[in-house]
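Chemist: The following block contains the structure, expressed as structure tokens.
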Amino acid sequence: MKQETAKYSASASNLLAMEPPRTTSCTSLYTRYTRYPSLRVFLPKQLFSSFLKPICIALSLFLLCAFNTQPLDERKAQDALPMSKTPLWDTLQKTKVKVDKKQGYYSAKIPPAVKNMAGKELTISGFMMPLESKDKFKHFLLSKRTPTCPFCPPGEPNEIIDVWTVKPVEYTDDMITVKGKFELINDKEMGLFFKLKDASREKS
């Protein structure tokens, strides 16, 4: 087993060495991971479920407190990755978010277009960010952008929705579509201002 692991590790090193990184961002590593399918052998679903996902969950709570610290080069590289094209995200991004670094709080100026969405049933697509160490869960975050690294914020607070579903939803790293009742919240510490409750995953 150790010999096989060493062999696979050597293969991974060779594949990563095939293209010198243009940036040290986690996104560049993610891009090369998806470009070379052979690397996926090191991250089987079982490993993610039992080991990596709990780490990602814990660190996702950390990154929620540092949304506005996303490096510019990371965000630029992330622009080349899949992201949701649902028009609702454009409306949500009109929300102006500020951070008080001394107090450690976020504040949001909600525009009328977003306020008018409150209480309405909305359908929106995005990427799941699990908050529970389970294969299925009722609470997760929905991000407009592809989450690429637990150490790097996936976007700004106006690109994240706090989702609560009626039935447990199985985790996937593919883009999903959810439908639910939209609400405005004011979680200043976590930087969360949008919520979708009584939600359900829609079929693609």
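The values are calculated or read from the model by the stated rules, or taken from the named source; none is laboratory data. Fair warning: this is a prediction, and the values are worked out from it, not measured in the lab. For neighbour counting, all protein chains shown are included, and Cβ atoms are generated from backbone atoms with ideal geometry for every residue, glycine included.
Chemist: Determine which single condition F48 fails, assuming it passes every other condition in (1) more than 22 Å from K195 (Cα to Cα); (2) hydrophobic (A, V, I, L, M, F, W, C); (3) at pLDDT 95 or above.
Modeler: In the conditions (1) more than 22 Å from K195 (Cα to Cα); (2) hydrophobic (A, V, I, L, M, F, W, C); (3) at pLDDT 95 or above, F48 misses (3) alone.
Chemist: Go through (1) at pLDDT 90 or above; (2) in contact with an Asp or Glu (Cβ under 9 Å, 6 or more places away or on another chain); (3) of a type outside the set (D, E, K, R) one by one and return the number of the condition P112 breaks.
Modeler: Single failed check for P112: (2).
Yes or no, residue by residue, for (1) touching a strand residue (DSSP E or B) at 6+ places or on another chain (Cβ under 6 Å); (2) of a type outside the set (D, E, K, R); (3) more than 16 Å from K181 (Cα to Cα):
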{"position": "D79", "(1), (2), (3)": "no, no, yes"}
{"position": "S84", "(1), (2), (3)": "yes, yes, yes"}
{"position": "T95", "(1), (2), (3)": "yes, yes, yes"}
{"position": "S125", "(1), (2), (3)": "yes, yes, no"}
{"position": "P147", "(1), (2), (3)": "yes, yes, yes"}
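Residues are listed down the side, and each one gets a yes or a no for (1) surrounded by fewer than 19 Cβ atoms within 10 Å (Cβ to Cβ); (2) modelled with pLDDT of 95 or more; (3) farther than 24 Å from G104 by Cα:
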{"residue": "F151", "(1), (2), (3)": "yes, no, no"}
{"residue": "W164", "(1), (2), (3)": "yes, yes, yes"}
{"residue": "V178", "(1), (2), (3)": "no, yes, yes"}
{"residue": "F182", "(1), (2), (3)": "no, yes, yes"}
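Chemist: Looking at the stretch 95-109 only, could you name the residues that are basic (K, R) and modelled with pLDDT of 95 or more? Quick ask: steps written out before the conclusion?
Modeler: Looking only at the stretch 95-109, we keep the residues that are basic (K, R), and these are 96, 98, 101-102, 109.
Of everything in the stretch 95-109, those that are basic (K, R) and modelled with pLDDT of 95 or more turn out to be K96, K109.
Chemist: Determine which member of the set L92, L88, L122, L141 is at pLDDT 95 or above, touching an Asp or Glu at 6+ places or on another chain (Cβ under 8 Å) and among the aliphatic types (A, V, I, L, M). Working first, answer last.
Modeler: Numbers: L88 fails: touching an Asp or Glu at 6+ places or on another chain (Cβ under 8 Å); L122 fails: touching an Asp or Glu at 6+ places or on another chain (Cβ under 8 Å); L141 fails: at pLDDT 95 or above.
Answer to the selection: L92.
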